[in-house]
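*Asks:* So that we are looking at the same thing, I have put the structure below in structure tokens.
Laboratory data are not the source of any read-out in this text; all were calculated from the coordinates shown. These numbers were taken from a predicted model, which means no experiment stands behind them. Cβ coordinates were reconstructed from backbone atoms using ideal geometry, including for glycine residues, and neighbour counts include every protein chain displayed.
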Amino acid sequence: MPAKTPYKIVSDSSCDIHSLPGTEFQTVPLHIVTDQMEYVDDENLDAGAMVEALRHYKGKSSTACPNVADWEAAFAGAEQVFAVTITSGLSGSYNAARCAKESFEAAHPGVRIHVIDSLSTGPEVVLILEKLRELTNAGLSFAEIVSAIETYQTKTHLMFLLSSIQNLARNGRASRIGAEAVGLLGIRIYGQASPEGKLDVMGKCRGEATALERVAEHIARVGCSGRVVITHCLNPQGAETLKAKLLERYHGAEITILPAGGLCGFYAEKGGLMVGWE
Ligand code: X90
């Protein structure tokens, strides 16, 4: 049996990254399923090509979260595991991870697993993962890390800016959004992750420039004190514009831009942006 590491950080693929340099890290893929194809959201997926292909796909498409066995497999190999999931408000991933924790701990006495419901996705999950890396590398105890990450989660936020909510609406994840806005040319929808980890639509407007300005204004109202992660689905230009707008207001901000992976790309759709900040 391979030697156990003291700590391991695990996330489902809603985080859009597959490596976290400087720590033991593993992702558990969600799946994007159509009548003809099943895409596994792992490091081998070309998420951009998938999003392009699905834009023109007329059949049904949906997603599936990791099951209990998938999570259990990812927990192996460490004494202490910190697992982060996409919001339980929109996915069963958190529930599956909780069940996996119960059965894995029962089968492996001494191993401790802490499952974190991000109440968010994408870039805010990245911020939580980076904080977990910092906390585990600082040599804190399990209990200290649990408490510190809970505090940290009260200081992070997520906004989204979408030009289509077709896949969210079709899969029942955007029920509160007026269907009339779906697919209207040039209309952008922006909002935030609600405290329950659901979509909280804040407004609609015409054109990306206006929408990016509204997002930047909201971030400035909430306040931004440090790290920012912007995730885009086939929209590097929008991400760069948002970065520039935030740098105008926060000169020293440390801003990372990431391409969306399969799960976030599927739901954010082409042009979609998400921003996580602390
Ligand atoms: O379990 C599954 O099949 C996964 C379902 C995930 C559904 C939503 C993903 C949303 C991704 C859209 C904008 C951000 C909204 C964030 C609200 C918390 C991106």
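*Asks:* Could you sort 37-47, 224-234 so that the peptide with the highest average Cβ count within 10 Å comes first and the rest follow in order? Walk me through the numbers on the way to the answer.
*Replies:* Values: 37-47: 15.7, 224-234: 21.8.
Ranked by mean Cβ neighbours within 10 Å, highest first: 224-234, 37-47.
*Asks:* Let me check against my output: what whole-number percent is the relative contact order of region 1-135, with C-alpha pairs under 8 Å and at least 6 apart? Provide the component values of the computation, followed by the final result.
*Replies:* Values: 243 pairs, mean separation 39.8, N = 135.
Relative contact order here is 29 percent.
*Asks:* A further question follows. So, in nm, how far is label Glu134 from label Glu105 when the simple model puts each one 7 Å beyond its Cα toward the Cβ?
*Replies:* Distance between the two pseudo-spin positions: 2.7 nm.
*Asks:* Find out how many positive minus negative residues lie around Val115, taking Lys and Arg as positive, Asp and Glu as negative, among other residues whose Cβ is under 14 Å from that of Val115.
*Replies:* Numbers: positive: Lys8, Arg98, Lys101, Arg112; negative: Asp12, Asp70, Glu72, Glu102, Glu105, Asp117, Glu150.
Local net charge: -3.
*Asks:* Starting from the Cα of Lys245, draw a straight line to each of the lysines and keep only those under 28 Å, dropping any in the same chain fewer than 8 residues away.
*Replies:* The reachable lysines, counting only those whose Cα sits under 28 Å from Lys245, are Lys131, Lys155, Lys198, Lys204, Lys270.
*Asks:* What span do the alpha-carbon atoms of region 172-278 cover on each of the three principal axes, reported in whole Å from largest to smallest?
*Replies:* Over region 172-278, Cα extents along the principal axes are 40, 26, 25 Å.
*Asks:* To continue, here is another question. Taking a quarter of the surface of the convex hull around the Cα atoms of region 36-176, what do you get in nm²? Numbers along the way, then the final one.
*Replies:* On the way: hull surface 41.0 nm².
So the Cα hull casts an average projection of 10.2 nm².
*Asks:* So what are the radius of gyration and Dmax for the Cα set of the chain, in Å?
*Replies:* 18.4, 58
*Asks:* Using 0.36 nm times the number of residues separating Tyr57 and Arg112, minus their current alpha carbon distance, what extension gain do you get? Spell out each step's value before the answer.
*Replies:* Details: separation 55, 0.36 × 55 = 19.80 nm, distance 4.35 nm.
That pair, Tyr57 and Arg112, stretches by 15.4 nm at full extension.
*Asks:* Order by neighbour count: Arg249, Arg188, Arg173, fewest other Cβ atoms within 10 Å first, most last.
*Replies:* Numbers: Arg249 12, Arg188 26, Arg173 17.
Sorted ascending by nearby Cβ count, the order is Arg249, Arg173, Arg188.
*Asks:* Local charge sum around Val125 (other residues, Cβ-Cβ under 9 Å, Lys/Arg +1, Asp/Glu -1)?
*Replies:* Surrounding charge for Val125 is -3.
*Asks:* Also, I was wondering about something else. Highest mean first, what order results for 74-85, 143-154 on Cβ atoms within 10 Å? Walk me through the numbers before you get to the answer.
*Replies:* On the way: 74-85: 21.8, 143-154: 13.9.
Peptide ranking by packing, descending: 74-85, 143-154.
*Asks:* Measuring from a point 7 Å past the Cα of Leu185 along Cα-to-C-beta, which residues in region 197-213 have an amide N at less than 18 Å?
*Replies:* The answer is 205-209, whose backbone nitrogens lie closer than 18 Å to the label point.
*Asks:* Sort 196-204, 208-216 for me by packing, meaning the mean count of neighbouring Cβ atoms within 10 Å per residue, highest on top. Mind showing how you got there, number by number?
*Replies:* Numbers: 196-204: 16.6, 208-216: 19.2.
The peptides rank, most packed first, as 208-216, 196-204.
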